[in-house]
Amino acid sequence: MIQVEGLSKIYRVAEKQPGLAGTLRHFVRRRTRDVTAVQDVSFRIEPGEMVGFLGANGAGKTTTLKMLCGLIHPSAGEVHVAGHRPQRRQAEFLRRITLVMGQKQQLLWDLPPMDSLRVNAAVYGIPDGVAQRRINELADLLELGEELTRPVRKLSLGQRMKAELLAALLHEPEVLFLDEPTLGLDVNAQARVRQFLAQYNRRTGATVLLTSHYMADITALCPRVLLIHQGRLFHDGPLEVLADQLAPEREVRLELESPVEADALAGLGRLEQLEGCDVRLLVPRDQLTAVVAQLLDRFPVRDLDVTDPPIEELIGGLFRQGRV
Amino acid sequence: MGRYWRTLRRFWGTAVAVQLEYQANVLIELLAVAMSLSGSLFLLSLFYGPDQTLGGWSWAQALMVQGLYTVFDGMATTWLRPNLGAIVTHVREGTLDFVLLKPIDSQFWLSLRTLSPAGLPEIGLGLGLLAWGSHQAGVVLTLSSLLTVLVMLLAGGLILYSLWFLIAATSIWFVKTWNATEVLRALLASGRYPLNAYPPALRLLFTLVLPVAFLTTVPAQVLLGEAAAPMLLAGLGLAVLFFAAARAFWLFALRFYTSASS
Amino acid sequence: MRVFGLNRRIIRVLLGSQYAHMLEYRAEIALWALSGVLPFIMLSVWSGSDARSGLGLDGSALDRYFLSAFLVRQFSVVWVVYAFEEDALLGRLSPYLLQPLHPLWRYVAAHLGEQLTRLPFAALIAAVFFAVQPQAFWVPSLGGFLLAWLATWMAFAIAFLFQSLIAALCFWSEKASALERLQFIPFLFLSGLLAPLTAFPPAVRAVAQWTPFPYLIDFPARVLAGQPVDLLAGFGAQLAWIVLLLPLVLLLWRAGVRRYSAMGA
């Protein structure tokens, strides 16, 4: 469904000193510098796959995504999406894809989502009856009801994102590009969006390429991940392989009824911190369930929390360790 | 083509719905138009004493020009400002990407997305003023002169749109110069008065570089029977030329956007 | 020592930071300056019109009047209501209200910074004007210039206070900024920006004298252009408007802030 071969993007950036003098100097003698955003990236994605796209800020994720949509022209390399070359942005191509950006919205602020949906139906040439049926189906899946008839400005962030998804999927695209679709949402709303995407993929067989800051999005949805760093593709494969590499341990935070000695925690992972009743342990992923069960069994636990370090940190750690 | 037509109806349907959310604005707009028009007429009257003309134009004839100006000003309020003013917002907030990913022409979307009914009374008043001025000036309406004026109005609208769009499209490069259209608006105000009221150098400027003359003075001359076919052709030619320039410039701007944006 | 909550240090810091901020927007400000060309368009219409003789501005006096009107307008443009609306919308207002400095001072400093940024562009436009109309060139006397400067600043003060009053009304209604749009229309036609007040019929002129508008453009422009004017009456009227508006603004702001904090917005 998606074929990328030797994809590169080089920007020419103007170098300008700040201030008026700098502007004038720049005007007289332009100095530019080439910045490589994406370098020689190749991969294939088969129809129906859900692929996670990881990388630190500025690694080239969004640039790649935009090249796949045809919003940015590649400097070198070949891209084929759904049998089209995206950069030509032909109508037949655009009808088969969609782009959702977590931090940007296409719905009209002052109007209910329904009005924007009607506009989209007309733009994509979907007959009204068909559009209404799809809206009902998608609204059902997304658990949207009367929100569709309330002005967007009065919706919560989570409701707005769900409405954005509905608007982006009304034309039943075969390829979904999702850039941080859960950004800023609370945990419940994140889970809802995630669940919806999985359902949508199952029902329609759509191909999904997804970036996210939340590891949970990736673990829940994407059996395969692409990791991009400084414009280059560093990993392409199952998530488990990468996850083990990135985060072989998870952090368990405990709050106990009464203080314990460090000895009592021996064999229950690596002790990071022990201050009276507060304990932090790093536990290998595969032992997690066993360790948590033992902890609950042996100690008077008031609170227990298992966290994944943020993905940025993991990737940062990975590159600091020089493992790739 | 049918899809574009249906889209347009949806666009304007939602635009009216937005306006209905803010009913008080309509009243304020109405008041502003009434005040503004009385001010303009008062200002125009200052140029006229007994036996006085403005660049050889009588009071009634000048009213026709003022009426035409009001029509175009209303057109700007109704159509150009809400649409083309939003382009820079799209660029700044990155939502232009959504527009570019729609299977519909992006210039069509950006130019016709919305409509502000608040400017419609101004268009109506302008047309009324034009009719009254024409009547006072002794214009004999024929079907052909009416049709000619209609064509001239369309050509003028197209020129105005193209100029405005050209400037608005530069926001792809210069996000910070969003108020460049304010300069255009200030210069367009020269269309309030007949071309002959200006010194020769400015007349040339307002005819060839910034063709304000074709918006107000020339249509009034057509009605008065003073301008003939060549003028009409020149107006139409300019309109086509400006529109082609706006279109070419937009395609060029998009090429830049897709190769340089990040 | 603090006067109205200000001391030398606060003034220096406020003005310095606002000037630096406005320099960042110099491209916009240059375009704003350029969009003020309306007086020149009106000058070209007035110059060739039959009605010119009634203005009492012969020869180069008319050119000088409209150039002066342009300059006075450049340095008395006020946009506090728009800045205020944006700050309120983006939630920047609450931190300002917590500071031991009246928020209006911040806007005053922003306007002065903008005027300083605008200065070279306005001067450039004036230079172009003189290049086209060399016979209109004049250098005002030092005394005349200082008086014109003072009159322009007083005009700025009146316009600023007037708009602050409208901005304060925004505490009560979102629609208040529409008032600004509505008051701009009589300003445009009665201030002298488009026609010198001597062009008006006596009755209209008499009415206009009782509005603040002629003291915003016509009076300072005449002082700058070196026209004979009744300085006492002009400055007296400007002062009277400031004395009238200042307490109103302060009272309304205090009430507005109280309402704002009561709403907990």
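The values are calculated or read from the model by the stated rules, or taken from the named source; none is laboratory data. Note that the coordinates shown come from a computational prediction; the quantities given were computed from them, not determined experimentally. Cβ: placed from backbone, ideal geometry, glycine included. Neighbour counts: every protein chain shown. For the accessible areas, the whole protein counts, side chains as well, though only heavy atoms, and no ligand, DNA or RNA atoms are used. Shrake-Rupley method; radii C 1.70, N 1.55, O 1.52, S 1.80 Å.
Assorted remarks:
- Charge dipole (the protein assembly as shown, unit charges on Cβ, about Cα centre) - positive-most of A:Tyr124, C:Leu101, C:Val223: C:Val223
- Estimated inter-spin distance, A:Arg12 and A:Leu271, nm [label 7 Å along Cα→Cβ]: 6.2 nm
- Interatomic Cα distance distribution for region A:248-307, bins of 10 angstrom, percent: 25, 65, 11
- Taking the empirical scaling 2.2 N^0.38 Å for compact globular proteins as reference, chain A has a Cα radius of gyration ratio of 1.19.
- The residues of the protein assembly as shown expose on average 45 square angstrom of accessible surface per residue, using a 1.4 Å probe on protein heavy atoms.
- For the protein assembly as shown: span of alpha carbons on each principal axis (Å, largest first): 105, 75, 55
- Dipole magnitude of region C:170-265, debye to nearest 20 (Cβ charges: Lys/Arg +1, Asp/Glu -1, about Cα centre): 300 debye
- On the basis of the beta-carbon distance and an R0 of 60 Å, B:Leu31 and A:Glu78 show a calculated FRET efficiency of 0.50.
- The value of relative contact order for chain B, using C-alpha pairs under 8 Å at least six residues apart, is 26 percent.
- In this structure, the amide hydrogen of A:Val100, modeled 1.01 Å from its nitrogen in the peptide plane, lies closer than 5 angstrom to those of A:Phe177, A:Leu178, A:Asp179, counting only residues at least 5 positions away or on a different chain.
- The alpha carbon centroids of region C:199-265 and region A:84-119 are separated by 51 Å.
- The charge dipole of chain A, taken about its Cα centre with unit charges on the Cβ of Lys, Arg, Asp and Glu (plus for the first two, minus for the last two), comes to roughly 2040 debye.
- Ligands, DNA and RNA excluded, the heavy atoms of A:Leu141 present near 30 Å² of accessible surface to a 1.4 Å solvent probe.
- Sequence-separation-based contact order of region A:248-307, relative, with Cα cut under 8 Å and 6+ spacing, percent: 48 percent
- Residue by residue along C:24-30, Cβ atoms of other protein chains within 10 Å of the local Cβ number 4 on average.
- Heavy-atom accessible area with a 1.4 Å probe sorts A:Cys222, C:Cys170, largest first, into C:Cys170, A:Cys222.
- Of the peptides A:86-94, C:232-240, C:185-193, C:214-222, the order by per-residue mean of other Cβ atoms within 10 Å, starting with the highest, comes out as C:214-222, C:185-193, A:86-94, C:232-240.
- Solvent-accessible area of A:Phe299, all protein chains in place: 20 Å² (probe radius 1.4 Å, heavy atoms, ligands and nucleic acids excluded).
- Taking all protein chains as shown and a probe of 1.4 angstrom, A:Asp110 keeps an accessible surface of around 40 Å².
- Buried area at the A:B interface is about 2900 square angstrom, summed over both chains, from accessible surfaces computed with a 1.4 angstrom probe.
- The angle separating the long axis of helix B:23-45 from the principal Cα axis of greatest extent in chain B is about 40 degrees.
- Per the Debye calculation on chain B with a single equal scatterer at every Cα and no solvent contribution, log₁₀ I(q)/I(0) for q = 0.11, 0.15 Å⁻¹ amounts to -0.66, -1.16.
- Average partner coverage of B:101-108, which counts Cβ from other chains inside 10 Å: 6
- Pair C:Phe4, A:Val130: separation of 7 Å Cα→Cβ label points (nm): 6.7 nm
- Under Karplus coefficients 6.51, -1.76 and 1.60, residue-wise ³J(HN,Hα) of region C:85-93 in Hz, glycine/proline x: 4, 5, 4, 5, 5, 8, x, 7, 5
- Solvent-accessible ranking of B:Asp105, A:Asp278, largest area first, probe 1.4 Å: A:Asp278, B:Asp105
- Stokes-Einstein D in µm²/s, Kirkwood radius over Cα pairs - region C:48-166 at 37 °C with 0.692 mPa s viscosity: 195 µm²/s
- Taking the C-alpha atoms of region B:140-248, convex hull volume expressed per residue in Å³: 99 Å³
- In terms of distances greater than 24 angstrom between alpha carbons, the cross-link table entries A:Lys104/A:Lys154; A:Lys9/A:Lys162; A:Lys61/A:Lys154; A:Lys104/B:Lys102; A:Lys162/C:Lys175 yield A:Lys9/A:Lys162; A:Lys61/A:Lys154; A:Lys162/C:Lys175.
- Rounded tilt (10° steps) of A:128-142 against the dominant C-alpha axis of chain A: 10 degrees
- Relative to the Cα centre, the charge distribution of the protein assembly as shown, modelled as +1 at Lys and Arg Cβ and -1 at Asp and Glu Cβ, gives a dipole magnitude of about 1880 debye.
- Under-5 Å amide H pairs with A:Phe53, H placed in peptide plane, nonlocal only: A:Leu210, A:Thr211, A:Ser212, A:Leu226
- Förster-model FRET efficiency, 41 Å R0, B:Asp51 and B:Trp12, C-beta, rounded to 0.05: 0.25
- Between region C:95-131 and region B:171-211, the alpha-carbon centres lie 26 Å apart.
- For A:His73, nonlocal amide neighbours, meaning residues 5 or more places apart or on other chains whose placed amide H falls under 5 Å from its own, are B:Ser259.
- For the segment C:173-182, counting C-beta atoms of other chains within 10 Å of every residue's C-beta and taking the mean gives 3.
- Largest-first ordering by accessible area, 1.4 Å probe, given options B:Arg9, B:Arg81, A:Arg33: B:Arg9, A:Arg33, B:Arg81
- 3J(HN,Hα) along region A:45-57: 10, 7, x, x, 6, 10, 10, x, 10, 10, x, 5, 4 Hz, from the Karplus curve 6.51 cos²θ - 1.76 cosθ + 1.60 with θ = phi - 60°, whole Hz, x for Gly and Pro.
- Applying the Karplus relation 6.51 cos²θ - 1.76 cosθ + 1.60 with θ = phi - 60° to region B:135-149 yields 3J(HN,Hα) values of 4, 5, 7, x, 6, 9, 7, 10, 4, 5, 5, 5, 4, 4, 4 Hz, where x marks Gly and Pro.
- A cut-off under 15 angstrom between Cβ atoms defines the neighbours of C:Leu67, and their net charge, with Lys, Arg +1 and Asp, Glu -1, is +1.
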